[in-house]
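Participant: First, the structure itself, so that you have it in front of you.
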Amino acid sequence: MYIVGVIVLLIHRMTAVFGKLQNRTLELKDGLNILEAPNETGKSTWCAFLLAMLYGINSRERDKTGFIADKNRYAPWSGAAMSGRIDCRVGTDEVTLLRNTRRQTAPMGDFQALYAGTGDAFPGLTGQNCGDTLLGVSREVYERSAFIRQSGISITQDAGLERRIAALITSGEEDTSYTEAADALKKQLNRRRHNKTGQIPVLEGELQEIRRQLSELNALEIRLQDMRRQGEVLSRRESGLVEELSLLDRWEAAQERQALAEAEDAAAQAEQTVQTLRQSIQADRIPENETIGRLRGALVNLETTRKAVDKARAERDEAAKALLRAEAAVNESPFSGQTPEQAQRESSEPPKAVNWNVWPGLATLILGVAAAWAAFFATASFTKNQLLSAAVLVIILLFTAGAAYLLRKRAIQSAQCAALEKRFGTADPAAIATLADTYCKLYEARDAAQAAANGKSATAEALYNTLSSNEQAILLEVRRFAPAAFDSSTADSLLRACAVRRQELTKAEAAAREARMRLELLAQKAPVPADDGAPVAPPARSREAVTSELAALRTELAAARSEGDRLTGQLHALGDPVVLRSEAARLEEEIAALEGEYEAIRLAMESLDTANTTLQNRFSPELGRRAAEIFSALTGGKYSGVVLDRAFHLSAEPAGDSVYRPSALLSSGAADQLYLAVRLAICDLVLPDEDRAPIILDDALASFDNGRCAAALRWLKEEGKRRQILLFTCHSREAAFFAGDGEVSVQRLTAEP
């Protein structure tokens, strides 16, 4: 239930856990309240809090690009649950409004209205109707009239505000809105026809489809008759081709009987040929094919063996030549006649020196001894020193002995080198060792050549013995049925002749079998004899041509019948033409009725536009007059008139000038003053006098100059005698203007520490 009687809302105190406000309290008084605070101290948050306490928070709002839902924007910074309290006077009663958050999905959804000091519930107030009941208007109307922000000072159209204004200038009922009525009529108009959508286009489409179906039915019936006539023609052609095939069957049966008789003669003749060949082979004692093949294979192998004998003899001769070359190489070596061990030993030991020259060494020794004694006596005679003489003697003797030894060794080495040169042609030990190594390799190569020659000779002899024994055995076996076979070539020729005669018998037997099989196959067909035995004329065309034409004809006939069945099915699927024509008539009637409704709704919309224009002519002057009074007061009489249409497009008339200036041509400050004047005029006209809803201004005077700000403050103070006004401002000029004025409450808010 709603409260009955006069309601005057006066807010004493607000306490908020809301956004950045953490258990902050704001004390308010009757009349004009100046709330001064620097930016970012919560002025706009207090305004949003008051609106949330009165009307609640829409929990279904979602964040969008460039927009944050109130439930997220004003979530307490401390993380606590969103809550609030307002102590106020409603009429003559002191009431406490409480909102708490019980569920995170419904912030401030728990609402209570209590009598102050008692805890008893205040009747008639709920979380849904609190603002509508206490202020007398919906949230949309309140936000577009008495709730004035600097960023939202301009006026926007709303169906609720429109209904409220219409109630003031018409019957007083708030259930009519031109916009809603026009929207409803437009929806009905669009429901019937909107471009290519709506009931009429849908029915026209259905009617067009039915007409298409009727046209298709007529075309299908014509095609079905054509298919039936084509099927009859093809059936007659099929009967003619079947008769032609019957004549072909009779002619082919006669040909088969003739072929059977010929096959019987051919089979008998083939059997006679086989019998004659068998008797001839038996008389000449021709062996079986297996014996012939084995003997011919043996002759082929004999030729292979003969080639192997020739090859072995050639290899034997080559081995003998290689042996002769190896023996010649060994005999040419200086070590010829020796074993490899003897050659290695001789190459490593120097030869004995014989006939070496002893005279140079002997002469050196004799001369040296003589010289030593001469030196001894000479030294002794001159020096008289026996030791020195003896030393000279020893030194010369030692030198003479060394020289004699070296001459003897050189003579022996010269004799040895001469012996090596004579024996090997060189005195170099390394060259002699190389000759010895070469001799060892040649010796081994000669032994290997000897072994190879012996092996090749034995192989050639063995192959020749095998060839001779095999050839004699084969010739003895061949002469049993061919006495003239005394050599391999004759035996091979006789075996070839035997194989030819056996092959003739095999071919004759195969021909006899084929003749018998053909005879049996023709006999199995058992051709039906001719009815009258009369000869049958040969057909004009082959069976393949007739069969091919008949198959193509039957395919064409099947296609014609299938097409006829398909057309019949389509006719049944499209439905009864009578029903379709009846449905088309019904759709035409419905379309005509909807066309009439469409025209009636269009006329109704024209009438509604005319009525709206008339209502606007009554509405605009009253609101314009009151807005002009306030705007003139705010601008110090610079403007005398205000004009606005139903969509709240504003124009101002300067004093002494009859040309109206659209709001877009005014300065931003003058435009804000014009919109504020219209807002305050709407508050006078729209807000109920009995409820006297408070006016909330959030930095609404920020763009006013000092003079016009003072005019606005004087007007607000006067309006504060009729209702409570909360003016939030970031400037100090408002507080300074009312300094010492006891009728105006001035508070300076600070940021929370």
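Participant: In the range 1-39, which residues are at pLDDT below 85 and exposed (fewer than 15 other Cβ atoms within 10 Å of the Cβ)? So that I can check it myself, show each step before the final result.
Facilitator: Let us first name the residues in the range 1-39 that are at pLDDT below 85, namely 1-8.
If the condition is that a residue be at pLDDT below 85 and exposed (fewer than 15 other Cβ atoms within 10 Å of the Cβ), then 1, 2, 4, 5, 6 are the ones that fit.
Participant: Report, by residue number, each residue of the range 431-479 that is of a type in the set (S, T, N, Q) and more than 22 Å from residue 342 (Cα to Cα). Spell out the reasoning first.
Facilitator: Of all residues in the range 431-479, those of a type in the set (S, T, N, Q) come to 434, 438, 450, 454, 457, 459, 465-466, 468-470, 472.
Selection gives 454, 457, 459, 465, 466, 468, 469, 470, 472.
Participant: Does the range 96-111 contain any residue that is at pLDDT 75 or above, farther than 17 Å from residue 57 by Cβ and in contact with a strand residue (DSSP E or B) (Cβ under 9 Å, 6 or more places away or on another chain)? Walk me through it before giving the result.
Facilitator: In the first step, residues of the range 96-111 are kept if they are at pLDDT 75 or above; the result is 96-111.
Next, only the ones that are farther than 17 Å from residue 57 by Cβ stay: 96.
Within this subset, residues satisfying the condition of being in contact with a strand residue (DSSP E or B) (Cβ under 9 Å, 6 or more places away or on another chain) are 96.
Yes, there is a match, as at least one residue in the range 96-111 is at pLDDT 75 or above, farther than 17 Å from residue 57 by Cβ and in contact with a strand residue (DSSP E or B) (Cβ under 9 Å, 6 or more places away or on another chain).
Participant: Another question, if that's okay. Name, by its number, the condition in (1) within 30 Å of residue 222 (Cα to Cα); (2) surrounded by 12 or more Cβ atoms within 10 Å (Cβ to Cβ); (3) at pLDDT 80 or above; (4) among the hydroxyl-bearing types (Ser, Thr, Tyr) that does not hold for residue 568.
Facilitator: Status for residue 568: all satisfied but (3).
Participant: A follow-up question, please. Quick test of your reading of the structure: residue 717 fulfils all but one of (1) at pLDDT below 85; (2) closer than 24 Å to residue 749 by Cβ. Name the failing condition by number.
Facilitator: (1)
Participant: May I ask you to say which residue of 290, 271, 315 is among the charged types (D, E, K, R) and more than 30 Å from residue 517 (Cβ to Cβ)?
Facilitator: The match here is 315.
Participant: On the given criteria, is residue 557 surrounded by 14 or more Cβ atoms within 10 Å (Cβ to Cβ), under 30 Å from residue 238 (Cβ atoms) and at pLDDT 80 or above? Walk me through how you get there before you give the answer.
Facilitator: Values: surrounded by 14 or more Cβ atoms within 10 Å (Cβ to Cβ): yes; under 30 Å from residue 238 (Cβ atoms): yes; at pLDDT 80 or above: yes.
So residue 557 passes the test.
Participant: Tell me, yes or no, whether the range 605-615 has at least one residue that is modelled with pLDDT of 75 or more, among the aliphatic types (A, V, I, L, M) and surrounded by fewer than 16 Cβ atoms within 10 Å (Cβ to Cβ). Give the steps one after another, and end with the answer.
Facilitator: Just the residues of the range 605-615 that are modelled with pLDDT of 75 or more, to begin with: none.
So far as the range 605-615 goes, no, none of its residues is modelled with pLDDT of 75 or more, among the aliphatic types (A, V, I, L, M) and surrounded by fewer than 16 Cβ atoms within 10 Å (Cβ to Cβ).
Participant: A follow-up question, please. Is there a residue being modelled with pLDDT under 60 and not aromatic (Phe, Trp, Tyr) anywhere in the range 184-196?
Facilitator: no
Participant: With respect to residue 295, determine if the residue is of a type outside the set (Lys, Arg), outside any loop (DSSP other than H, G, I, E, B) and farther than 19 Å from residue 501 by Cα. Write out each step before concluding.
Facilitator: Numbers: of a type outside the set (Lys, Arg): yes; outside any loop (DSSP other than H, G, I, E, B): yes; farther than 19 Å from residue 501 by Cα: no.
For residue 295, the condition - of a type outside the set (Lys, Arg), outside any loop (DSSP other than H, G, I, E, B) and farther than 19 Å from residue 501 by Cα - is not met.
Participant: Starting from the range 209-227, keep only residues that are modelled with pLDDT of 80 or more, then list their pairs with residues that are in a helix (DSSP H, G or I) whose Cβ atoms are within a distance under 6 Å, requiring at least 6 positions of separation or different chains.
Facilitator: Close Cβ pairs (under 6 Å, with a partner that is in a helix (DSSP H, G or I)) amount to 223/567; 227/560; 227/563; 227/564.
Participant: Go through the range 670-708 residue by residue and tally those that are more than 19 Å from residue 643 (Cβ to Cβ) and either over 60 Å from the mean Cα position of the chain (by Cα) or among the aliphatic types (A, V, I, L, M) (or both). Even if it seems obvious, please write down each step before you answer.
Facilitator: Let us first name the residues in the range 670-708 that are more than 19 Å from residue 643 (Cβ to Cβ), namely 683, 687-708.
The next check asks that each one be either over 60 Å from the mean Cα position of the chain (by Cα) or among the aliphatic types (A, V, I, L, M) (or both); those that pass are 683, 687-697, 700-702, 704-708.
Counting residues in the range 670-708 that are more than 19 Å from residue 643 (Cβ to Cβ) and either over 60 Å from the mean Cα position of the chain (by Cα) or among the aliphatic types (A, V, I, L, M) (or both) gives 20.
Participant: Just checking, does the range 242-259 include any residue being under 30 Å from residue 568 (Cα atoms) and either over 60 Å from the mean Cα position of the chain (by Cα) or outside any helix (DSSP H, G or I) (or both)? Give the steps one after another, and end with the answer.
Facilitator: Within the range 242-259, the first condition is being under 30 Å from residue 568 (Cα atoms), and the residues that meet it are 242.
This time we only want the ones that are either over 60 Å from the mean Cα position of the chain (by Cα) or outside any helix (DSSP H, G or I) (or both), so: 242.
Yes - at least one qualifying residue is present in the range 242-259.
Participant: If you don't mind, there's one more thing I want to ask. Test each condition in (1) surrounded by 13 or more Cβ atoms within 10 Å (Cβ to Cβ); (2) without any contact (Cβ under 8 Å) to a residue 40 or more places away in the chain; (3) closer than 18 Å to residue 293 by Cβ for residue 509 and report the one that comes out false.
Facilitator: (2)
Participant: Hey, another quick one. List the pairs whose first member sits in the range 308-324 and is under 9 Å from residue 453 (Cβ atoms), whose second member is outside any helix (DSSP H, G or I), and whose Cβ atoms are under 8 Å apart, counting only residues at least 6 apart or on separate chains?
Facilitator: none
Participant: Return the total of residues in the range 120-147 being of a type outside the set (Ser, Thr, Tyr), in contact with a Ser or Thr (Cβ under 9 Å, 6 or more places away or on another chain) and surrounded by fewer than 20 Cβ atoms within 10 Å (Cβ to Cβ).
Facilitator: 3
Participant: Can you confirm whether the range 250-272 contains a residue that is touching a Cys at 6+ places or on another chain (Cβ under 7 Å) and surrounded by 17 or more Cβ atoms within 10 Å (Cβ to Cβ)?
Facilitator: No, every residue in the range 250-272 fails to be touching a Cys at 6+ places or on another chain (Cβ under 7 Å) and surrounded by 17 or more Cβ atoms within 10 Å (Cβ to Cβ).
Participant: Within the range 464-483, does at least one residue satisfy the condition of being modelled with pLDDT of 80 or more and out of contact with any strand residue (DSSP E or B) (no Cβ under 8 Å at 6 or more places or on another chain)? Spell out the reasoning first.
Facilitator: Kept after step one, since they are modelled with pLDDT of 80 or more, are these residues of the range 464-483: 465-466.
Narrowing further to those that are out of contact with any strand residue (DSSP E or B) (no Cβ under 8 Å at 6 or more places or on another chain): 465-466.
For the range 464-483, residues modelled with pLDDT of 80 or more and out of contact with any strand residue (DSSP E or B) (no Cβ under 8 Å at 6 or more places or on another chain): present.
Participant: Within the range 709-740, which residues are among the acidic types (Asp, Glu) and loosely packed, with under 14 Cβ neighbours inside 10 Å?
Facilitator: Result: 718, single match.
Participant: For the range 434-453, which residues satisfy the criterion of being loosely packed, with under 14 Cβ neighbours inside 10 Å and either of a type outside the set (D, E, K, R) or closer than 25 Å to residue 289 by Cα (or both)?
Facilitator: If the condition is that a residue be loosely packed, with under 14 Cβ neighbours inside 10 Å and either of a type outside the set (D, E, K, R) or closer than 25 Å to residue 289 by Cα (or both), then 434, 448, 451 are the ones that fit.
Participant: Taking the stated definitions as given, is residue 165 in a loop (DSSP other than H, G, I, E, B) and modelled with pLDDT under 60?
Facilitator: Details: in a loop (DSSP other than H, G, I, E, B): no; modelled with pLDDT under 60: yes.
No, not satisfied.
Participant: If you don't mind, there's one more thing I want to ask. Could you tell me which of the residues 451, 430 is assigned to a helix (DSSP H, G or I), out of contact with any Lys or Arg (no Cβ under 6 Å at 6 or more places or on another chain), at pLDDT 70 or above and closer than 30 Å to residue 323 by Cβ?
Facilitator: Values: 430 fails: closer than 30 Å to residue 323 by Cβ.
Step by step, each of 451, 430 is checked, and only 451 is assigned to a helix (DSSP H, G or I), out of contact with any Lys or Arg (no Cβ under 6 Å at 6 or more places or on another chain), at pLDDT 70 or above and closer than 30 Å to residue 323 by Cβ.
The values are calculated or read from the model by the stated rules, or taken from the named source; none is laboratory data. Model, not experiment: these values are computed from the prediction. Here Cβ is always computed from backbone atoms with ideal geometry, including for glycine, and neighbour counts include all displayed protein chains.
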